[in-house]
Amino acid sequence: MKFLPLLFANLTRRKVRTTLTLGSFAVALFLFCLLVTIRAAFNSGIDAAGADRMLVINKVSLIQPLPIAYREKLQRVPGVQDLTYANWFGGVYQDEKNFFAQFAIDADTYRTVYSEFIVPPDQWQAFLADKQGAVIGKATADRYGFKIGDRVPLKGGGFPGDWEFNVRGIYTARRPSDDLTQFWFRWDYLKEKAPPWFANQVGWYTVRIAPGSDAVKVAKSIDEIFANSAWETRTQTESAFMASFAEQMGNVEFLMIAIGSVVFFTLLLVTGNTMATSVRERTGELAILKTVGFTDASVLALVMIESVLLAAIGGALGIAAGKGFTLLGDPTKGMLVAFYLPASGVAAGAALSLSVGVIAGLLPALTAMRLQVVDALRRL
Amino acid sequence: MVQLGTNGNSHLIAARDVAKTYRRGSEELHVLQGVNLAVDKGEFVAFMGPSGSGKTTLLNLLGGLDVPSAGSITVAGDEISRLSRAKLTAWRARHVGFVFQMYNLIPVLSAFRNIELPLLLSPLSGADRRQHVQTVLKVVGLEGRADHKPRELSGGQQQRVAIARAIVADPTFLLCDEPTGDLDRRSADEILDLLERLVSELGKTILMVTHDPRAAERAHATLHLDKGVLTN
């Protein structure tokens, strides 16, 4: 603590340089936080995926349906505890730009399988009582200002015609990675209003396996039952499904590592240069510190702390700005289902900042430590 | 008592057959040769001599900023010429106060913080450090200038701050390298008055390098260095 005035004075001696370095840090860490947020958004499905949930889809592709008759057979598969099914709707609210996922769900079973979603009991009862009812994720409700009792018209995509729904509930969830953008309505309403070709088809099944069951074995059992049928299945864990879905969006991980590396090395150069220049300018002062009794180790520590302090302040500013930005909500208006900076991202940003501070400060600090007092005083 | 030879270990500072040689390429520069010196507590000694005669080198050796190539230096019973770099630094903090021609203050720190620097290495509390700094500020007559940065002070005032920094940790002796070299006559006299007072009133021991005969007149004894050899 007693060295703080000295550290602070050194950091503020070249205000413009310090501000520019802090600014570089803040911008870089802001960018880093944004990347982490986007990555988290892409992976939110994987993070939120239930460890005990599996998706049963048509082997040909996700957009091919499966018969509703599979329900009974699936329920009898050893290891399957609960089951639900849903359909992708693909409707448009007012304008094609207003994207949010709409699912026709089996109201009786959906929440048993997806227990992370929270709907107030009275709202859920109202949903069950209204065939045209809809339950909307809080993010989508907030975005479009939907309230309980509102009537929401959707223009059908895969299911032509004009569809109208009554908002009966707004759901929230237990974890920040959970998707709050979905729009649920009743599968029986879809069945009732859809064209004849749709009769008795579902988009996919979600099964929850019993505790202790072997997921691979259960998946194999399911796919074997429907092998060589008209609608063969492909069963995989929800996280594997989400991961393959996220991969379709491109290699975000690689992009993040590439940009992160550029950020890291740029920061290293900027901070290293700042510290090296700062130490070079202060050769005489460092010699004086040693003259009055500061040891080599304490001079090394002073320069290192200064570098780490610079990195910590700049990093904190960037992370705070990044966090603040994510709190403003998804700037893509619904393209990213979960737009939040995870705690692990904050920790990674802090670790990145401190690492840059340590590495960038090391060489100047060693130079300061090795400084020969007599030589330095002679140059004054 | 100041003498060119030494007689036993009773002196505060004793240099015996001290030599310093620098190597420049294949050439050896003998900056100091066979220096013998004894200084007692409370002495005010001036070293004079032409540029390059080894005055500052001798001061650096006596202050533990450098080590002799040969011979030994003993200060207050400590044989400093054989101490490791780390131990020498700790010894310096405890025993030596330095005053330089160009003041060598940290420009971004206030007078108070500059003076406090040597105390940061001590276990003193913040309140104790403050008290020590205020006491020496009074000694050097700068009570009202504690919060001023060096650039806000005159040359004479900056040198007073440097002297305050040199004495704040109550060192065994002071080493002053041309303390009036960058000052006008009036400021120089004030600094010399202050150094004299430190010796006469506070019993400090001062070794001062100077080119100025009027500064040397203030010392109890003046020794001359010429081509690395110390003479009366």
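Structural remarks
- Per-region count, region B:59-118, residues facing chain A (nearest Cβ under 9 Å) and either charged (D, E, K, R) or surrounded by fewer than 18 Cβ atoms within 10 Å (Cβ to Cβ) (or both): 10
- With respect to being assigned to a helix (DSSP H, G or I) and more than 30 Å from A:Arg39 (Cα to Cα), A:Thr367 fits the description.
- Test: residue in region A:114-133 that is closer than 24 Å to A:Asp223 by Cα, out of contact with any His (no Cβ under 7 Å at 6 or more places or on another chain), surrounded by fewer than 18 Cβ atoms within 10 Å (Cβ to Cβ) and in contact (Cβ under 8 Å) with a residue 40 or more places away in the chain: no
- Residue match in region A:81-92 (condition: β-branched (Val, Ile, Thr) and in contact (Cβ under 8 Å) with a residue 60 or more places away in the chain): yes
- Criterion applied to A:Val279, A:Val299, A:Val292 was being crowded, with 21+ Cβ neighbours inside 10 Å, hydrophobic (A, V, I, L, M, F, W, C), over 37 Å from the mean Cα position of the chain (by Cα) and more than 11 Å from every other protein chain (Cβ to nearest Cβ), and the one residue passing it is A:Val279.
- Check on A:Thr367, without any contact (Cβ under 8 Å) to a residue 60 or more places away in the chain, hydroxyl-bearing (Ser, Thr, Tyr) and away from every other protein chain (no Cβ under 14 Å): no
- Boolean, B:Gly156 is at negative phi and within 14 Å of chain A (Cβ to nearest Cβ): no
- Across region A:169-190, the qualifying residues are those that are in contact with a helix residue (DSSP H, G or I) (Cβ under 9 Å, 6 or more places away or on another chain) and modelled with pLDDT under 90, and the one among them that is surrounded by the fewest Cβ atoms within 10 Å (Cβ to Cβ) is A:Arg175.
So that you can scan it fast, the table gives a plain yes or no per residue for (1) in a helix (DSSP H, G or I); (2) of a type in the set (Gly, Ala, Ser); (3) without any contact (Cβ under 8 Å) to a residue 24 or more places away in the chain:
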residue: A:Leu289; (1), (2), (3): yes, no, yes
residue: A:Leu300; (1), (2), (3): yes, no, no
residue: A:Val303; (1), (2), (3): yes, no, no
residue: A:Ala311; (1), (2), (3): yes, yes, no
residue: A:Gly315; (1), (2), (3): yes, yes, no
residue: A:Ala348; (1), (2), (3): yes, yes, no
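- Residue in region B:120-138 that is touching a residue at least 40 places away in the same chain (Cβ under 8 Å), closer than 30 Å to B:Met48 by Cα and surrounded by 17 or more Cβ atoms within 10 Å (Cβ to Cβ) present: no
- Residue match in region A:318-327 (condition: without any contact (Cβ under 8 Å) to a residue 60 or more places away in the chain, polar (S, T, N, Q) and more than 14 Å from chain B (Cβ to nearest Cβ)): no
- Residues of region A:1-29 classified as away from chain B (no Cβ under 14 Å), surrounded by fewer than 20 Cβ atoms within 10 Å (Cβ to Cβ) and hydrophobic (A, V, I, L, M, F, W, C), total: 3
- Test for A:Gly212: is it within 14 Å of chain B (Cβ to nearest Cβ) and on the phi > 0 side of the Ramachandran plot: no
- Looking across region B:22-46, the residues that are small (Gly, Ala, Ser) and either loosely packed, with under 14 Cβ neighbours inside 10 Å or closer than 17 Å to B:Leu230 by Cα (or both) come down to B:Gly25, B:Ser26, B:Gly34, B:Ala38, B:Ala46.
- Every residue from region A:303-343 that is at pLDDT 90 or above and not hydrophobic (A, V, I, L, M, F, W, C): A:Glu306, A:Ser307, A:Gly314, A:Gly315, A:Gly318, A:Gly322, A:Lys323, A:Gly324
- Subset of region A:192-213 (residues that are charged (D, E, K, R) and in contact (Cβ under 8 Å) with a residue 40 or more places away in the chain): A:Glu192, A:Arg208
- Given (1) surrounded by fewer than 21 Cβ atoms within 10 Å (Cβ to Cβ); (2) in contact (Cβ under 8 Å) with a residue 40 or more places away in the chain; (3) touching a strand residue (DSSP E or B) at 6+ places or on another chain (Cβ under 8 Å), index of the condition A:Ala243 fails: (3)
- Scanning region A:198-205 finds no residues that are in contact with a Gly (Cβ under 8 Å, 6 or more places away or on another chain), under 27 Å from A:Met54 (Cα atoms) and assigned to a strand (DSSP E or B).
- Unmet criterion (only one of (1) more than 9 Å from chain A (Cβ to nearest Cβ); (2) touching a Lys or Arg at 6+ places or on another chain (Cβ under 7 Å); (3) closer than 25 Å to A:Glu281 by Cα) for B:Val140: (3)
- Every condition in (1) more than 20 Å from the chain's Cα centre (by Cα); (2) more than 13 Å from chain A (Cβ to nearest Cβ) is met by B:Ser53 except one, and the failing one is (1).
- For A:Gly161, the conditions (1) on the phi < 0 side of the Ramachandran plot; (2) in the same structural domain as A:Leu66 (by TED's automatic domain parsing) all hold with the exception of (1).
The values are calculated or read from the model by the stated rules, or taken from the named source; none is laboratory data. All values derive from a computational prediction rather than experimental measurement. All Cβ positions, glycine included, derive from the backbone under ideal geometry; neighbour counts span all protein chains shown.
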